[in-house]
Structure formats: C-alpha cells, structure tokens
1. Farthest toward the dipole's positive end in the chain, which of THR347, VAL444, THR319, given Cβ charges of +1 (Lys, Arg) and -1 (Asp, Glu) about the Cα centre?
2. What is the sum of charges, Lys and Arg at +1 and Asp and Glu at -1, for the other residues whose Cβ falls under 12 Å from the Cβ of PRO120?
3. When a footprinting reagent is the concern and you count Cβ atoms within 10 Å, what order do VAL29, VAL148 take, fewest first?
4. Rounded to whole Hz and in sequence order, give me ³J(HN,Hα) for the range 240-255 from the Karplus expression 6.51 cos²θ - 1.76 cosθ + 1.60, θ = phi - 60°, writing x for Gly and Pro.
5. Take the Cα of ASN124, step 7 Å along the line toward its Cβ, and report every residue of the range 298-341 whose backbone nitrogen sits under 19 Å from that point.
6. Would you mind calculating the gained length between LYS221 and LEU184 on full extension (0.36 nm times residue separation, minus the Cα-Cα distance), in nm to one decimal?
7. Where nothing but the Cβ of Lys and Arg (+1) and of Asp and Glu (-1) is charged, how large is the charge dipole of the range 366-476 around its Cα centre, in debye to the nearest 20?
8. Local charge sum around LEU474 (other residues, Cβ-Cβ under 14 Å, Lys/Arg +1, Asp/Glu -1)?
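Each reported figure results from applying straightforward, stated rules to the coordinates on display, with no laboratory input. Because the structure is a prediction, the values reported are computed rather than measured. As a convention, Cβ positions derive from the backbone with ideal geometry for all residues, glycine included, and neighbour counts pool all protein chains shown.
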Amino acid sequence: MTNEDVNNDLRLSPKDMKELGYRVIDMIVEHMESLQDKPIAKKTDFQILEKLRNESIPEHGNCHTHLLDQFESDILPNLTHADHPRFFGYIPGPNNFISIMADTLVSGLNIFSGASSMGPGVTNIELVTIDWLRQIYDFPEEAGGLFVSGGSMANLTGLAVARHIKLLDQTENTVIYTSDQTHLTIIRGLGILGFKSKQIKIIPTDKQFRIALPRLQQEVKKDRAEGKIPFCVIANAGTTNSGAIDPLQQIGEFCEKEGLWFHVDGAYGAPALLSEKSKSLLKGIELADSLVLDPHKWLFQPYEIGCVLVRDRKYLKDTFRITPDCLRDICKIEQEINFSEYGIQVTRSFRALKLWMSMKYFGIQTFQNAITTGITLAEFAEKKLRESSCWEIVTPAQIGIVTFRYIQLNYDTGTIDRLNEQIISEIIKEGYALLSSTVLDGKVVLRMCTINPRTTQNDIEKTILRLEKYGVELSKS
Ligand SMILES: Cc1ncc(COP(=O)(O)O)c(C=O)c1O
C-alpha cells in the first residue's frame with residue numbers, strides 16, 4: 001500500500017489529483033442521492049474504531065486510493081448522518097451541494113479572509129453577505145458583523161463586544177440575565193469572559209418556556225437597589241429544547257429603558273424570520289445590540305459557519321483590533337476592512353463564500369420556502385401524534401420543533417421518563433430515524449426537529465409509527 005511516488009514537495013501528479021478529486025465528488029453525490037434509502041447510522045464497529053485509534057505514525061506515504069478505501073471502510077460506516085432526512089435529533093445539518101463546492105474551492109485555493117489586501121473581493125463578499133443578513137434582520141445601516149465557526153463562537157464574540165463596549169471590560173459587580181432555557185455554551189462563554197456564576201442570573205421561564213418578563217424586571221430592580229450593576233440580557237430567539245422564543249420586543253424595550261445590552265441568541269431560530277408563518281414571532285429581534293445566527297443550522301450550510309451581527313460595526317473593531325508588527329504591511333490602511341481586526345481569529349477561512357454562493361444560486365425565496373417546509377413538517381408531526389392517545393404533546397410545534405412523551409396512565413413520572421429514554425435507545429439502535437430527548441419541566445421528553453427540507457411526511461409518519469411500536473412493546477416488557 002505504500003506510495004513510491006510521494007515527493008518531498010508534497011505535490012501529487014495532475015492525474016492523481018483528478019482521480020482523487022473525481023472519486024471524492026462521486027462519493028459525495030452518491031451519498032446525497034442515496035441517503036433517503038439508507039439507515040441514519042450503522043451499528044458501531046468497535047473493532048474498526050479500536051484499529052483506527054491505535055494506528056501508528058505513518059513512516060512512509062500511502063497510496064491515495066488506499067486513503068479513500070479506508071475512509072469508506074472504516075470511517076463512513078461509523079458516521080451518523082445529520083443531513084439525513086430522518087435525522088430529527090439535536091439540530092439537523094441539512095447542507096447543500098453548492099456550499100459544499102464553495103468550501104472545496106476555499107480550501108483548494110486556501111483563501112485567507114483576514115485582510116482586505118490579500119483579496120479585496122473576498123472581503124467584499126463577506127461584507128455583502130453580512131449586509132444581506134443585516135437587511136433581513138432590519139438592523140441599522142451602520143451595523144456589521146462577521147462569520148465565525150458556529151453559534152458558540154458567535155455568542156462569545158457578541159458578548160465580548162458587549163463587555164467591552166458597555167463595561168470597558170470591567171466585569172466586577174455586574175450582572176447578566178438569561179433564562180433557564182439558554183444554551184449552556186453561552187454560560188460557558190460567559191465564564192471564559194471572566195463572569196463568575198453568581199453574576200449570571202438565571203430567570204425561570206413561563207409555561208411556554210419563555211423568560212418570565214416580570215421576574216426579569218424585578219431582578220434588575222432588586223440588583224440595582226443592592227448596588228450591583230445590571231449590564232446585559234441574553235434572550236433566546238428559538239431555544240434548542242423546544243423552539244421557544246422569548247418576548248423579544250418587550251425585552252428589547254426594557255433593555256433600552258434600563259440601559260442594558262440586549263443580546264439575542266438566534267443560533268437555532270433566527271432563520272424562522274424568513275418564513276411568513278413565523279415572522280411575527282420574532283418581532284423585536286431588530287432591537288438587539290448583538291444577534292447570533294448560525295447558518296450551519298437552518299440556513300442549510302455545511303459546518304462550520306456561525307454569524308454575529310452588532311448594531312454598529314465599529315464595536316467589533318473597538319473590541320478586537322490589534323495590529324501585530326508582523327501584519328503591519330497588510331493591515332496598514334485605516335479605511336480598509338480587515339476581518340482579522342474584527343474578531344478573535346487572525347488566520348480565518350473564507351466562510352462567507354458558501355452562504356453567498358448558495359443564496360445566489362437558490363435565491364432567498366427558495367430559502368424561505370425550505371424554512372416554511374421545516375415549520376410545516378413539525379406541525380404535521382404534532383397532528384399525527386395527537387391522533388394517538390399514547391402521546392402527550394409537551395410543547396406544540398413551534399418553529400420546527402415539537403416535544404412529546406409516551407404516556408401510560410398507571411405509571412409514575414420516573415417510570416415514564418425511563419420508558420421514553422428506552423424508546424430513544426431503540427429507535428437509534430434500529431437506525432431508521434434518529435430523535436433525541438431533552439428535559440422540560442423536570443420531565444424527559446422526546447424531541448423532533450424537522451428542519452431538513454428533504455424530509456417527507458412519509459418519513460415523519462413512519463418514524464412516529466415506529467416510536468409508538470417501541471412504546472407499546474417496552475411498556476409490555
Ligand atoms: C440556541 C443555540 N445556541 C447556541 C448553540 C451553539 O452553537 P454551535 O453548536 O454552532 O457552536 C446552539 C447549538 O445547538 C443552539 O441551538
């Protein structure tokens with residue numbers, strides 16, 4: 001299997017490059033075309049995993065065909081496909097081929113997107129794509145943003161801006177408010193930014209899992225009276241658990257009145273603004289000082305691309321600008337936008353290309369329709385679940401997520417929790433579809449997230465029938 005043709009300059013012959021490239025493209029196309037008929041994941045082969053884990057350093061080169069053979073035999077079968085139409089767990093990753101090709105170009109040409117002088121067209125594409133998002137979310141003209149690796153980094157970046165602009169990085173005695181449904185990556189990010197857990201006030205949610213506004217207002221008042229410095233409210237535009245959207249308009253107005261920074265985590269739900277079905281639910285998102293969205297979720301992009309928008313693009317530069325001596329030649333013109341000065345990363349890839357190309361290829365209307373499809377599919381799932389008395393709907397379908405629970409009248413809550421956990425294990429073991437569970441109000445619930453526009457009603461119906469079959473069988477055993 002060793003490769004005698006390996007050169008010390010790490011080059012491949014054009015023939016080998018093409019052979020490798022065509023086979024990779026063939027694999028991707030085959031994957032996309034056959035996914036619907038394949039299981040979501042095969043049974044994990046622990047022997048293969050063990051073999052991979054213990055491979056020694058390759059002393060000599062391997063033939064390129066061997067690498068792809070090994071990928072096909074050892075890695076591919078152990079993958080769980082988040083882009084599968086019956087992947088309903090966590091947040092699905094329904095990407096698109098145009099963006100895959102854009103990513104290939106970006107890495108093929110190794111495009112650096114940190115300094116305008118290295119590729120003014122590159123900077124302009126990031127600027128215009130950010131500006132499209134700015135327009136969609138109705139942010140003011142001076143607003144700006146940047147693309148980062150995903151939602152966690154986008155929230156961290158937005159909150160670092162908040163800390164700098166509002167507090168000049170002095171965090172002592174300050175308080176941040178957010179709900180008990182907020183994604184834990186945000187809490188982790190706040191820790192990284194130097195906030196202690198006692199400075200993060202977790203506000204309970206109402207019956208719809210939206211932050212309890214009166215409680216938020218009371219806590220801010222109380223903290224001020226105690227001499228603390230309320231500083232920021234983090235609201236959810238679509239929680240991961242249930243798709244709940246906090247009352248953004250009221251929170252935005254409250255923050256404005258109280259002089260608080262208003263950060264919105266729309267990593268899951270912000271794209272729902274593009275659908276006429278849910279647009280009104282996100283009213284008030286435009287009031288955010290910083291807004292996070294995550295194109296690698298519901299804007300159909302391959303991993304990794306997250307985005308943060310801030311009300312004034314100069315906030316980013318004020319927070320992050322450094323000009324190391326070694327970059328003085330490429331970052332010397334003040335008016336030029338150098339994205340390495342706008343965020344945490346200096347060497348950064350050209351993430352904007354995939355979103356830009358796919359928005360141009362499909363057009364915004366196609367994105368709107370695809371998002372509406374996801375919302376409608378969750379409503380369809382809810383309708384099907386309601387047809388059977390086995391299921392309790394815990395949260396009705398909202399922006400692509402429905403949560404529910406298999407119930408048995410004579411069982412206590414703990415037993416029902418375990419039953420639902422077992423249903424998840426069974427469906428995952430079978431490999432036909434994948435769902436994940438979460439905890440709402442202290443109860444284990446099943447959660448179906450239906451944002452893949454390639455999912456069919458038939459996929460949903462068959463999945464629910466299987467879940468029910470497992471519920472019936474397990475409650476007999
Ligand atoms: C609401 C919300 N915020 C933040 C995140 C973190 O985003 P990422 O996984 O892209 O880092 C997620 C991920 O699921 C999310 O759903």
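1. It is VAL444.
2. On the way: positive: none; negative: GLU126, GLU336.
With Lys, Arg at +1 and Asp, Glu at -1, the neighbours total -2.
3. Fewest-to-most Cβ neighbours within 10 Å comes out as VAL29, VAL148.
4. 5, 4, 9, x, 5, 10, 5, x, 5, 4, 5, 5, x, 5, 4, 4
5. 333-340
6. Full extension from LYS221 to LEU184 adds 10.8 nm.
7. For the range 366-476, the charge dipole is close to 160 debye.
8. On the way: positive: ARG405, ARG418, LYS429, ARG466, LYS469, LYS476; negative: ASP417, GLU421, GLU426, GLU430, GLU468, GLU473.
With Lys, Arg at +1 and Asp, Glu at -1, the net is 0.
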